[in-house]
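Quick one: the structure is below, questions incoming.
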Amino acid sequence: MMVDDGLTIRLGLRRCRLSTLLLLLLPGSIPAAPVAQDNWQTHLEWQARRADIVANNDGSYDLKGDAGPRHIDRPAWTVKTASPLFDGLFAMAQADLKADSVAAITDAAFDHGKPIACECFSTGEKWPFVWTRDLSYSVDLGLWRFDPSRARNSLRFKLSTVREPDAAQGTYVMQDTGSGGSWPISTDRVVWFLGARHLRDDAAFADTFDKALVDTLAQDRLYTYDPVVGLYRGETSFLDWREQTYPAWTKDNVVAIAQSFALSTNVLHYEALRLAAQDAGKRHAADASRFASEAEALKRAIDTHFWRADRGLYMSYIGGEVGPQPYDTYDLLGLSLVITSGIADADRAREILAHYPSWPAGSPVIWPERADQAIYHNRAIWPFVSAYALRAARIADAPAHIAGQVRSLMRGAALGGSNMENFDLATMAVHVDEGPLSGPVVDSPRQLWSVAGYLNMVVEGVFGLTDDGRIEPKLPVSLVPMLFGAEQTISLHMADRRIVLKRPEKLSGNLLVADTRTSSDGATVVQLKGIQVKDVPVRTDAPTYAPVAPPAPEVKEQGDAWQVAASAHGVLYINGRRHGDIDGSLRVPRQAVLQCFDVTALDASGLESMHSPSVCEGPLAGVDGAGPWRWTAPRAGRFQLRLSYTNDHGPIPSGVTAAVKRVTVRCGEAAAQTFVVVMPHSVGEQLSTAATFTAPTGARCDFALGQGFNMSFLGQFARYTQGQGGSSGPLNAADVDGLQIRPLGAATFSSP
């Protein structure tokens, strides 16, 4: 079936709205859009929906469509192309940004819902607060250009000193309330530096930036970095509704997330380490080589552990009870960041774009989709992620992907009548009625990072204005009819600069790039030339859904073996390593060490489901009770330590009171070993994250539980009034009922 950009789409059957069913629907496919008329200059059409725009003589615009009429005032920054639709949607993004530029912010969880004075960017119509990741991605996507003062104010609001007198003092980026009690289950707060890096021309802000960078990196290194694997632990950035993107069994137990490793979050740490190396080189030369070395080691670890050669993609996350096992799941933000950061080389960047699928409406934020989950991150397009995918496509010189993301961003804004938070993947609607699977579950107009994504698409994606002020257009020839029409030039008028792109006299090739640059009447005029590049194919044949994750396997002892039974054909994993296919049951040799079994389901295409819960067997070589703990090692080797605990200081999805402790192990005369254990909010008693220590045969080991750090220790969270650890004071505690120790085999993962 043909869509407006000429792609052939073949996808799995799903429920559709009545308006969609009125179109031609082939079995096993999603209906394509009718071919756009008038080259998207005054209107566009999509699945029986239409948006029209009219340019008025006073520089304003009127948008009409299914979302209702909207008048858009003349913007401060203007574009002049052959498409009033393109020009007007750029004006609409600025109108949305103006509405998001506020003097006070509010949230029911802070200051009892009372306004907090802040000349800030609010997150959106339904989210009138400042959140670390939303803000930081938005600033990185270009809001630093439009209102640098407001951007700095907003970023400062997400920094905090420490109110707990016995904790390490410093200036830290705040991890917002979240899964299991926030940091260190969620650890993507370092995205703050991705946005703030653009605003260091202000000396005072640069000093604050450097202080927060050094302190936050040191804290993350201590509490979230695994020196054996060489990666930082924590949840995927932005994809923080765990049932949408993690196994369903994490709904009430996020320990597995706390000890997993996410691609996006590790790339953000890599970017922060590189910034630290650059800054240290200017201010603290002695630290520059250390930060640079840590960044390079992290880059190698990301390449080693996340790359899945059989898919041609980096996995979204890895994790398991003993070793970090692969997950057959991928996300567009993580993949885009791994390209824009330079971790993926040119060949891998093109391979990623060729293997991640596209739908007629655009690129999904996760793949494969979840058939048992509602639409939100699942089965959805998020414009800000599309903007990062556009950046990645520009780096890879991929015209079809550039054009696809430009059209996706335009389509969503026009049909939504605002820069919406997200869209249904199949229909690009802001809501699809599917009973319990309806969605998007939440969808806010003028969502800040969607606004920023649209602005970035115009300023950087079309006109080629880079962060350092260079003009490097990479314009697909397929967009020339829409943008140029019969005109010779298109232009961008900013507050202090004008960019004019001049088309070649004769179109050739598939990508327009800069030929010559001249200055004329205060404008930079870029003469474009056509070149032919080897385009990256757009993947249109990917299966839509992964199989549903199976239940935990049944494991029974049979002599010197374990009989492992699975409910569906799939793959058996033992201690994070792929053991082999399982169809029914398998006998596995029993060992005198911890053996954790889990399974995935396989479908006919070879896609794996997410992992089942683990069943762990093996000798319990440990102690119990609330402590103090003393234990004699039965043999030399590696041992796993976990605490049995209850943390009822907040709900599973939110709060700031994940209990974070440091366990010190002293075995005989050997040097003390200290590890971090995390005890997220729980539903009843469960086990903490695991730590690994070594002990010689017969050594008497003593275990001491010391204080760690959590977000409730930050002074800014005194404003938090909806839960414990906020206005009532810092709280980093859990009810610890016992200590479990199990012997481990040889390490299966190591840092590269």
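The values are calculated or read from the model by the stated rules, or taken from the named source; none is laboratory data. Just so it is clear, the model here is predicted, and its values are computed rather than measured. Here Cβ is always computed from backbone atoms with ideal geometry, including for glycine, and neighbour counts include all displayed protein chains. Protein only, heavy atoms only, side chains kept; ligands, DNA and RNA dropped before computing areas. Shrake-Rupley method; radii C 1.70, N 1.55, O 1.52, S 1.80 Å.
May I ask for the distance between the Cα centers of segment 514-553 and segment 32-105, given as a whole number of Å?
23 Å
Which ³J(HN,Hα) values in Hz, rounded to whole numbers, follow from the phi angles of segment 175-186 under the Karplus curve 6.51 cos²θ - 1.76 cosθ + 1.60, where θ = phi - 60° and Gly and Pro get x?
8, 5, 3, x, 3, x, x, 6, 3, x, 6, 9
Mind checking the angle between helix 148-157 and the chain's longest principal axis? C-alpha axes, 0 to 90 degrees, to the nearest 10.
20 degrees
Shifting gears a bit: Relative contact order for segment 138-249 using alpha-carbon pairs under 8 Å, separation at least 6, rounded to a whole percent?
About 26 percent, as a whole number.
Amide H to amide H, which residues 5 or more places from ILE366 or on other chains are under 5 Å from it, using H placed in the peptide plane?
LEU332, ARG379, ALA380
Assign unit charges at the C-beta atoms only (+1 for Lys and Arg, -1 for Asp and Glu), then state the dipole size of segment 435-542 relative to its Cα centre in Debye, rounded to the nearest 20.
220 debye
May I pose another question? Could you name the aspartates and glutamates whose alpha carbon sits less than 12 Å from that of LYS126, not counting residues in the same chain fewer than 8 places away?
Within the straight-line limit of under 12 Å, LYS126 reaches these aspartates and glutamates: ASP100, ASP107, GLU421, ASP443.
Moving to a separate point now. Quick check for me: using +1 on Lys/Arg Cβ and -1 on Asp/Glu Cβ, what's the dipole size of the chain about its Cα centre, in debye to the nearest 20?
Approximately 920 debye in magnitude.
I would also like to ask the following. Expressed as an acute angle from 0 to 90° and rounded to the nearest 10, what is the orientation of the C-alpha long axis of helix 84-99 relative to the principal long axis of the chain?
Orientation of helix 84-99: about 50 degrees from the principal axis.
Using a 10 Å cut-off on Cβ atoms, rank the peptides 265-277, 590-602, 681-693, 64-76 from the highest mean neighbour count down.
Ranking the peptides 265-277, 590-602, 681-693, 64-76 by packing returns 265-277, 590-602, 681-693, 64-76.
Working with all protein chains in place, sort LYS211, LYS80 by solvent-accessible area computed with a 1.4 Å probe, largest first.
Per-residue accessible area, sorted high to low, gives LYS80, LYS211.
Something else: Using a 1.4 angstrom probe on heavy atoms only, work out the carbon and sulfur share of the accessible area of the chain in %.
Heavy-atom surface of the chain belonging to carbon and sulfur, 1.4 Å probe: 51 percent.
Let me ask something additional. Calculate how steeply helix 399-416 sits against the longest principal axis of the alpha-carbon atoms of the chain, using the helix alpha-carbon long axis, and give the answer as 0 to 90 degrees to the nearest 10.
80 degrees
Could the peptides 670-680, 374-384 be put in order, highest first, of the mean number of other beta-carbon atoms found within 10 Å of their residues?
Listed from highest to lowest mean packing, they are 374-384, 670-680.
Moving to a separate point now. For the full complex of protein chains and a 1.4 angstrom probe, list MET494, MET711 by accessible area with the highest value first.
Result of the area sort, largest leading: MET494, MET711.
Show the residues, 5+ positions off or on another chain, whose built amide H is closer than 5 Å to the amide H of CYS118.
Here ALA104, ILE105 satisfy the definition.
What's the FRET efficiency of ARG497 with ALA346 using the Cβ-Cβ distance as r and R₀ = 35 Å, to the nearest 0.05?
The formula returns an efficiency of 0.70 here.
Something else about it: If you place +1 on the Cβ of every Lys and Arg, -1 on the Cβ of every Asp and Glu, and leave all else neutral, what size is the dipole of segment 431-478 about its Cα centre, to the nearest 20 Debye?
Here segment 431-478 has a charge dipole of around 160 debye.
Taking θ as phi - 60°, what are the ³J(HN,Hα) couplings along segment 51-57 by the Karplus curve (6.51, -1.76, 1.60), each to the nearest whole Hz, with x for Gly and Pro?
10, 10, 9, 10, 8, 8, 5
Next up: Roughly how many whole Å is it from the C-alpha centroid of segment 112-159 to that of segment 405-426?
Rounded to whole Å, the Cα centres lie 22 Å apart.
Can you tell which of ALA546, PRO589, SER491 lies farthest toward the positive end of the dipole of segment 479-633, using +1 and -1 charges on the Cβ of basic and acidic side chains (Lys, Arg; Asp, Glu)?
Towards the positive end, the residue furthest out is SER491.
Amide H of GLU472: which non-local residues (sequence gap of 5 or more, or other chain) have their own amide H closer than 5 Å, using H built in the peptide plane?
Placed amide hydrogens put LEU465, THR466 under 5 Å from GLU472.
If you don't mind, there's one more thing I want to ask. Would you list SER179, SER727 from the most to the least accessible area, probe 1.4 Å?
Heavy-atom accessible area, descending, gives SER727, SER179.
Along the Cα→Cβ direction, 7 angstrom out, place labels at ILE531 and GLU296. What is the inter-label distance in nm?
It is 3.0 nm.
Using the alpha-carbon centroid of each, what span in Å lies between segment 310-360 and segment 477-504?
34 Å
Which part of segment 589-632 falls in the paramagnetic zone of LEU705, meaning amide N under 15 Å from the point 7 Å along Cα-to-beta-carbon?
Only 623-630 fall inside the zone, counting backbone N under 15 Å.
Now a separate question. Within a Cβ distance under 9 Å of THR81, other residues only, what is the Lys/Arg minus Asp/Glu net charge?
-1
For segment 721-727, what does the Karplus curve 6.51 cos²θ - 1.76 cosθ + 1.60, with θ = phi - 60°, yield as ³J(HN,Hα) per residue in whole Hz, taken in order and with x for Gly and Pro?
Result, ordered by residue: 10, 9, x, 5, x, x, 5 Hz.
Measuring with a 1.4 Å probe in the full set of protein chains, what accessible area per residue, in whole Å², belongs to the chain?
36 Å²
With label points built 7 Å along Cα→Cβ from the Cα atoms of ALA204 and LYS282, find their separation and express it in nm.
Here the answer is 1.8 nm between the modelled labels.
Too long at a 28 Å Cα-Cα cut-off: which of LYS211/LYS661; LYS80/LYS534; LYS98/LYS529?
LYS80/LYS534; LYS98/LYS529
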